[in-house]
Amino acid sequence: MAPMSDPVVRNQPERERFVILVEDELAGWSDYESVPGLRSFMHTAVNDRFQGRGLAGELIRAALDATRSEGLLVEPYCPYVRGFIEKHPEYLDLVPADRLDEFGLSAAAPGS
């Protein structure tokens, strides 16, 4: 059996979502809404047959990196995205500083 290729994350701005593909099959997605300067992550899901492989984390890391490279800030309404940012404080700067409390992230902020 041939080894599986690495998962691929793609932004689908026309559908306002990031997707993660495994062997060209949709394994998971994260829906967002955009306004100028801001991307609001609303919901993240991984299809049942792809659960337990760490794909959601891979998807969100790539989505946050892409969002940073686009110069956008993040509203983590999705509980998974919020938890990911809490566990990876290097992404806290993507959340508007005056909204950290709203998302329960102020305690995770450096120096707080």
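Restricting attention to the stretch 48-80, which residues are in contact with a strand residue (DSSP E or B) (Cβ under 6 Å, 6 or more places away or on another chain) and of a type in the set (S, T, N, Q)?
T67
Scan the stretch 84-103 for residues that are crowded, with 16+ Cβ neighbours inside 10 Å and either among the β-branched types (V, I, T) or part of a helix (DSSP H, G or I) (or both) and jot them down. Can you show your working first?
In the first step, residues of the stretch 84-103 are kept if they are crowded, with 16+ Cβ neighbours inside 10 Å; the result is 84-86, 91-92, 94-95, 100, 103.
Correct list: F84, I85, E86, Y91, L92, L94, V95.
Looking at the stretch 1-36 only, could you name the residues that are assigned to a loop (DSSP other than H, G, I, E, B) and of a type outside the set (D, E)? Quick ask: steps written out before the conclusion?
If we filter the stretch 1-36 for residues that are assigned to a loop (DSSP other than H, G, I, E, B), which is where we start, we get 1-7, 13-16, 23-24, 36.
If the condition is that a residue be assigned to a loop (DSSP other than H, G, I, E, B) and of a type outside the set (D, E), then M1, A2, P3, M4, S5, P7, P13, R15, P36 are the ones that fit.
Counting only residues that are acidic (D, E) and more than 10 Å from the chain's Cα centre (by Cα), which one in the stretch 14-48 is nearest to V81 (Cα to Cα)?
Of all residues in the stretch 14-48, those acidic (D, E) come to 14, 16, 23-25, 31, 33, 48.
From what is left, the residues that are more than 10 Å from the chain's Cα centre (by Cα) are 14, 16, 23-25, 33, 48.
Numbers: E14: 21, E16: 15, E23: 24, D24: 24, E25: 22, E33: 14, D48: 19 Å.
Result: E33.
Report, by residue number, each residue of the stretch 59-79 that is crowded, with 18+ Cβ neighbours inside 10 Å and assigned to a helix (DSSP H, G or I).
L59, I60, A62, A63, L64, T67
Failed condition for R39, given (1) farther than 22 Å from S106 by Cα; (2) of a type in the set (D, E, K, R); (3) assigned to a strand (DSSP E or B), with all others met?
Single failed check for R39: (1).
Name every residue in the stretch 1-41 that is out of contact with any helix residue (DSSP H, G or I) (no Cβ under 8 Å at 6 or more places or on another chain) and polar (S, T, N, Q), in order of residue number.
S5, Q12, S34, S40
Mind counting the residues in the stretch 54-69 that are under 15 Å from P96 (Cα atoms) and among the charged types (D, E, K, R)? Spell out how you get there, then give the answer.
Of the residues in the stretch 54-69, the ones under 15 Å from P96 (Cα atoms) are 64, 67-68.
Narrowing the set further to residues that are among the charged types (D, E, K, R) leaves 68.
Within the stretch 54-69, residues that are under 15 Å from P96 (Cα atoms) and among the charged types (D, E, K, R) number 1.
Where a number appears in this text, it was derived from the coordinates with a stated rule and is not lab data. Remember, predicted model here, so these are calculated numbers, not experimental data. For neighbour counting, all protein chains shown are included, and Cβ atoms are generated from backbone atoms with ideal geometry for every residue, glycine included.
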